[in-house]
Amino acid sequence: MEKTEIYHCDGCGAQYRVSGEGQPTVLCSECKQVASPHGDSVAGREYHVGHVKYVEGRRRTTEAMERFESGDLPLARGGFNDAASEFEDSVDHFTSAVSGADSESVREACERARKKATCIWQAVEWLGGATYASEQGDTDRERRYREDAQQRLRTAKEYGELVAPENVTE
């Protein structure tokens, strides 16, 4: 069975249906810009990568929190920086998924994931700042940063659990 993908030109909005295997470079016949893959299947692939990055960011955040609580501040800060990088990447993939989705249900799941990952990314950034403030002995600033992080985490909970990647395009 041959696979068909939709390509969308961001320049003029033209759409192309391409059949076959692989990901060819599609040059728009209208404006000569390269068209990009588009559709729920493409959104699902982007969502899957974003989800993997999100899960890794959560794992790194947990490790960093354990180090922070045990007083190993330099390693905690490094862990928060690594986690922030994973969340940043996940937000990029979720954003691509949102813009590539055709159906409202897929777009909605991807957008909710993007918002949740953004909140957690921001919280992790604040926690990294709290470790630095703690290293400097600035307990007031550390407290404020922790409170800001907790507020972002509370907001993240409002977006619920992320849809499993295998269910996002169903």
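Couple of notes before you dig in:
- In degrees, nearest ten, helix 139-157 long axis to first principal axis of the chain (Cα): 40 degrees
- The separation of the range 41-59 from the range 122-163, counted between C-alpha centres, amounts to 23 Å.
- Residues whose placed amide H lies under 5 Å from that of residue 102, excluding near-sequence neighbours: 39, 40
- Pair residue 99, residue 66: separation of 7 Å Cα→Cβ label points (nm): 3.8 nm
- Per residue, in Å², the accessible surface of the range 1-130 once ligands and nucleic acids are set aside, probe 1.4 Å: 52 Å²
- Helix 104-135 vs. the chain, principal-axis angle (Cα, 0 to 90°, nearest 10): 30 degrees
- Protein accessible area in the range 51-170, 1.4 Å probe - carbon and sulfur %: 45 percent
- When restricted to Cα atoms, the chain yields an Rg and a Dmax of 19.8, 64 Å, respectively.
- A full extension of the chain between residue 158 and residue 34 corresponds to an added length of 40.8 nm, given 0.36 nm per residue minus the alpha carbon distance.
- Sorted largest first, the spans of the alpha carbon positions of the range 69-156 along the three principal axes are 51, 21, 17 Å.
- The chain: most fluctuating residue of 39, 20, 57 per GNM, C-alpha cutoff 10 Å: 20
- Within the assembled protein chains, the solvent-accessible surface assigned to residue 68 is about 10 Å², based on a 1.4 Å probe.
- Gaussian network model of the chain, springs between alpha carbon atoms under 10 Å - residue of 32, 116, 53 with greatest fluctuation: 32
The values are calculated or read from the model by the stated rules, or taken from the named source; none is laboratory data. Treat the numbers as computed from the prediction; the structure is a model and nothing was measured. Cβ atoms come from the backbone with ideal geometry, glycine included; neighbour counts cover every protein chain shown. Protein only, heavy atoms only, side chains kept; ligands, DNA and RNA dropped before computing areas. Shrake-Rupley method; radii C 1.70, N 1.55, O 1.52, S 1.80 Å.
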